[in-house]
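I have placed the structure first, in the form of structure tokens, so that the comments after it can refer back to it.
Bear in mind these aren't lab numbers, they're just calculated from the coordinates by the rules spelled out. For clarity, every value in this text was computed on a predicted model and none was experimentally measured. For neighbour counting, all protein chains shown are included, and Cβ atoms are generated from backbone atoms with ideal geometry for every residue, glycine included.
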Amino acid sequence: MRAVVCHESELTVEDLPDLTPEQGQVLLDVERCGICGSDLHARLHSDQTAADVAELGYDHFMRSTDRVVMGHEFVGTVAGYGPRTRKQFPVGTRVVALPVLRAGGSTHLTGLSPLASGGYAEQVLAVPSMTMRVPDELDADAAALTEPMAVALHAVRRGEVGAKDTAVVIGCGPIGLAVIAMLKATGVRHVIASDFSAGRRALAERMGADVVVNPAEESPWASFAESKRYLTEAIALADLGIDAMDKLRAVPLLPWAHVMRAAEKAGATPRGPVVFECVGVPGMIEHVVANAPLLSRVVVVGVCMGQDTFRPSMAINKEIDLRFAFAYDPSEFHQTLQWIASGKVDVRPLITGTVGLDGVAGAFEDLGDPERHAKILVDPSR
């Protein structure tokens, strides 16, 4: 099969042996594979991530010295199964799959390990139980975005965003745009999006953002300073507490402590917006912690491959809730596929180009320009 091989940060098209599915594997003929921002990072910074993951007990994440076929956002048709493997779908069925593979007695991340060849190729292997049939009305281009959109759905669920909450998306690259789409799909009424790129701001509007900000001209946090709903000054929470206690204690025999706990359970106590950090470069967590209102919930979605710092004292004084999101579960992947197929989530504005295998190296370079592209798909037959 023809495939794009990453070695020492270089991408080359090579002829590799056809893949042969083992027991517990299904072979897919790749129709499309999206180029992910994490692939752009891994091409240049995989050694740092490999060292981090090795500390967690996994030593097969790609390193710069490995020869790896990348690509984990794929859709394809079933070409065959390994021996003694349950045939989940007939040969020829169009499917998407979670990019994980059991091989060599262990589980690996497809496209991010030399032991699990990815979707920048004519063929890819998957686990049958992690494979899902693409609805007939959905074409390969849109189906290929199931994986990145599932990442966004998981991040939104990690944020526990209510319909009446304000959500702030910092960074409108592909993952930030996907988060905006999933926030609107889950019913969030007010979404603020921020990005320096005019092209990405335009896409943020198309994906449903209610307010789009150019941080070079206006702070995405400016509206909170005048808001009566959100607290921005350090002493504001104490002031609010005194006001509440004055009122509660003025009522004779009122079990004020129980009233406060009941208000908390009902969601009637102060809370901040939910912020999604979708940039993934050093300094962004500090930026959010320093500027977000008190009691904000921050979900870190952008993958920063290097070391970073922020001021814990600032986060403590503002009681910031800091969460990190990684991947998704199978039910979120399935929900995403169904929402794309039904039209509830429109992914087509994100697709800005398609290349063959010979164009992958150039596409990696093109994706460095935020004004030109959001998501480029790879079509191995092109």
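Taking the condition in a helix (DSSP H, G or I) and either in contact with a Lys or Arg (Cβ under 7 Å, 6 or more places away or on another chain) or surrounded by 15 or more Cβ atoms within 10 Å (Cβ to Cβ) (or both), does residue 261 pass?
Values: in a helix (DSSP H, G or I): yes; either in contact with a Lys or Arg (Cβ under 7 Å, 6 or more places away or on another chain) or surrounded by 15 or more Cβ atoms within 10 Å (Cβ to Cβ) (or both): no.
The answer is no for residue 261.
Name every residue in the stretch 84-106 that is in a strand (DSSP E or B), hydrophobic (A, V, I, L, M, F, W, C) and out of contact with any helix residue (DSSP H, G or I) (no Cβ under 7 Å at 6 or more places or on another chain), in order of residue number. Explain how you work it out, then say what you get.
Here is the first cut: in the stretch 84-106, the residues in a strand (DSSP E or B) are 94-97, 100-103, 106.
Then drop every residue that is not hydrophobic (A, V, I, L, M, F, W, C), which leaves 95-97, 100-101, 103.
Selection gives 95, 101, 103.
Residues that are touching a Lys or Arg at 6+ places or on another chain (Cβ under 8 Å) and among the basic types (Lys, Arg): which helices (runs of 4 or more DSSP H) entirely in the stretch 107-223 hold 1 or more of them?
Working: elements: 140-143, 146-159, 174-185, 198-206.
Once the helices (runs of 4 or more DSSP H) in the stretch 107-223 are filtered for at least 1 residues that are touching a Lys or Arg at 6+ places or on another chain (Cβ under 8 Å) and among the basic types (Lys, Arg), what remains is 146-159.
Do you know which of the residues in the stretch 157-191 that are without any contact (Cβ under 8 Å) to a residue 60 or more places away in the chain and β-branched (Val, Ile, Thr) is surrounded by the most Cβ atoms within 10 Å (Cβ to Cβ)?
Out of the qualifying residues, it is 180.
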